[in-house]
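The numbers here are math on the coordinates, done by the rules we state, and not lab data. The shown structure was predicted, so the numbers you read here are calculated from the model rather than taken from an experiment. With ideal geometry, Cβ positions are generated from the backbone for all residues, glycine too; neighbour counts draw on all protein chains shown.
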């Protein structure tokens, strides 16, 4: 038994409609996983034990909460060319904010103390609000949810609440970064 022309059209329309409805069903099944409904992964400054390069003492990020207006956590490595190129501007940016009681954590990941000291020597003595630290436990990248560096995060200092993320190398000499930092921390 063969179908008439209108019967063939009907079968094609049913197949197309079925395919469309099935795809809508599958999409709705996973809608809860969409980015719009997801909570941010990083909401607070991760609790890490870091080795401060200048003092050889462990520094806990938890100890910074409540003692500073804000915390910039800058993840980098001596082995990373974009990190090396960005560092001079980032340190100048940090110096512009030293009177605002903001702590800058330069968190070296997958690195060695000797290489960090050699790299940082070219910048001379740093202000006390800039702390060069080594992630000795190797947990920082996971805790910040990163797969590459450089990345920079800004946290409110009294509570450690996440406020801003700067993805990849930045042009820190631009005034807009000062304004973003100060407004994110309500310091303007």
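Between residue 54 and residue 85, full extension at 0.36 nm per residue minus the direct alpha carbon distance yields a gain of 9.0 nm.
When the helices of the chain are scored as -39500 (n - 2.57) per DSSP H run of n ≥ 4 and the total is divided over every residue, the value at 222 nm lands at -11000 deg cm²/dmol.
Would region 145-188 count as rounded, prolate or oblate if I go by the C-alpha gyration tensor, calling it rounded below 1.5 in a/c and otherwise prolate when a/b exceeds b/c, oblate otherwise? Note, shape of region 145-188 comes out oblate. Helix 81-96 against the longest principal axis of the chain: what's the angle in degrees, Cα atoms only, rounded to the nearest 10? The helix 81-96 is inclined about 60 degrees to the chain. For residue 69 and residue 14, a Förster radius of 41 Å and the Cβ-Cβ distance give a FRET efficiency of 0.05, rounded to the nearest 0.05.
Helix 175-184 and the longest principal axis of the C-alpha atoms of the chain enclose an angle of approximately 80°.
To test your reading of the geometry: what angle, between 0 and 90 degrees and rounded to tens, separates the Cα axis of helix 5-29 from the longest principal axis of the chain? So the inclination is approximately 30 degrees.
Sort 45, 58, 154 by Cβ crowding within 10 Å, fewest neighbours at the top.
Ranked by crowding around the Cβ, least crowded first: 58, 154, 45.
Suppose we keep just the DSSP beta bridges with both residues in region 49-184; what percent of those would be antiparallel, to 5? Here the antiparallel bridges make up roughly 60 percent for region 49-184. Remark: the residue 175-residue 43 segment gains 44.9 nm on full extension, using 0.36 nm per residue and subtracting the alpha carbon distance.
Say R0 is 30 Å: what FRET efficiency, to the nearest 0.05, do residue 114 and residue 188 get from their beta-carbon distance? Intermediate values should be presented prior to the final figure.
Values: r = 40 Å, r/R0 = 1.35.
Between residue 114 and residue 188 the formula returns 0.15.
Report the paramagnetic label zone for residue 146: residues of region 95-120 whose backbone N is under 13 Å from a point 7 Å from Cα along the Cα-to-Cβ axis. Correct set: 105-111.
With Rh defined as the Kirkwood radius, the inverse of the mean 1/r over Cα pairs, the Rg/Rh of the chain is 1.29.
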